[in-house]
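Colleague: Questions regarding the structure given below will be posed in turn.
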Amino acid sequence: MRTRPFLIYKLSPAQIVLVDRLASCENGVALDKLEYREVVVWQELERLGFADMKIRRRKAVIVLTERGARVRSSGYFSKKPVIKLTQPQIAALRFLAAGPRTFNDMPSHMVDVCRRMGIRGWAEWQGDVGGPNWMRITAEGWQILKLVDAAAAKP
């Protein structure tokens, strides 16, 4: 079993959405207009050098860097790894792949990991008018699992 993190060179679905949003806004996106999920994604993009914060008219604004624009034009692939997928994250994706799970179905050690998979866009909460009831893996999450399985099958 692989113990080192699995390196991913393509942006996550949530990162792609934010990069596209930043690219479409000429003056950037105001920090106070971002949702919590987007703030977490912006912090990841900033660490990678794809986004930056500027102060304009005494407001914090998030903008796409030149490096971020290059990644966008290359189909959201980077020469350096953008995500290190760990064994607990892979286990959480496999857990969600077995079928939709309610919050109470999740082992306590997996709750935060599943939340992180939701922030990245590889899992999502679904529900009805009463609110989110269960979490399921997304199509992008399935792609990541297939990639991990293909890498594990190689000798």
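The values are calculated or read from the model by the stated rules, or taken from the named source; none is laboratory data. As the structure is a computational prediction, the values presented were derived from the model and not from experiment. For neighbour counting, all protein chains shown are included, and Cβ atoms are generated from backbone atoms with ideal geometry for every residue, glycine included.
Colleague: Of the numbered conditions (1) assigned to a helix (DSSP H, G or I); (2) out of contact with any helix residue (DSSP H, G or I) (no Cβ under 7 Å at 6 or more places or on another chain); (3) in the same structural domain as Asn27 (by TED's automatic domain parsing), Ile55 fails exactly one; give the number of that condition.
Modeller: Condition not satisfied by Ile55: (1).
Colleague: Being assigned to a loop (DSSP other than H, G, I, E, B) and surrounded by 15 or more Cβ atoms within 10 Å (Cβ to Cβ) is the filter here; which residues of the stretch 4-23 pass it?
Modeller: Those that are assigned to a loop (DSSP other than H, G, I, E, B) and surrounded by 15 or more Cβ atoms within 10 Å (Cβ to Cβ): Leu11, Ser12.
Colleague: Could you tell me whether any residue of the stretch 72-89 is in contact with a Gly (Cβ under 6 Å, 6 or more places away or on another chain) and hydroxyl-bearing (Ser, Thr, Tyr)?
Modeller: Checking the stretch 72-89: not a single residue is in contact with a Gly (Cβ under 6 Å, 6 or more places away or on another chain) and hydroxyl-bearing (Ser, Thr, Tyr).
Colleague: Hey, can you tell me all the residues within the stretch 35-77 that are under 22 Å from Ile8 (Cβ atoms), touching a Phe, Trp or Tyr at 6+ places or on another chain (Cβ under 9 Å) and buried (at least 19 other Cβ atoms within 10 Å of the Cβ)?
Modeller: Hits for the stretch 35-77 are Glu44, Ala51, Leu64, Gly68, Val71.
Colleague: Looking at Met117, Met110, Met106, Met1 in this structure, which one is hydrophobic (A, V, I, L, M, F, W, C), surrounded by fewer than 13 Cβ atoms within 10 Å (Cβ to Cβ) and at pLDDT below 95? Step through it out loud before you land on a result.
Modeller: Numbers: Met117 fails: surrounded by fewer than 13 Cβ atoms within 10 Å (Cβ to Cβ); Met110 fails: surrounded by fewer than 13 Cβ atoms within 10 Å (Cβ to Cβ); Met106 fails: surrounded by fewer than 13 Cβ atoms within 10 Å (Cβ to Cβ).
Unique residue meeting the criteria: Met1.
Colleague: Let me ask something else. Being without any contact (Cβ under 8 Å) to a residue 24 or more places away in the chain and not aromatic (Phe, Trp, Tyr) is the filter; apply it to the stretch 83-98 and report the residue that is surrounded by the fewest Cβ atoms within 10 Å (Cβ to Cβ).
Modeller: Ala98
Colleague: Quick test for you: out of Glu26, Glu44, pick the one residue that is out of contact with any Cys (no Cβ under 6 Å at 6 or more places or on another chain), part of a loop (DSSP other than H, G, I, E, B) and either assigned by TED's automatic domain parsing to the domain that holds Ala91 or not small (Gly, Ala, Ser) (or both).
Modeller: So the residue among Glu26, Glu44 that is out of contact with any Cys (no Cβ under 6 Å at 6 or more places or on another chain), part of a loop (DSSP other than H, G, I, E, B) and either assigned by TED's automatic domain parsing to the domain that holds Ala91 or not small (Gly, Ala, Ser) (or both) is Glu26.
Colleague: In addition: Which residues, taken from the stretch 88-146, are assigned to a helix (DSSP H, G or I) and in contact with a Ser or Thr (Cβ under 7 Å, 6 or more places away or on another chain)?
Modeller: The one that is assigned to a helix (DSSP H, G or I) and in contact with a Ser or Thr (Cβ under 7 Å, 6 or more places away or on another chain): Arg120.
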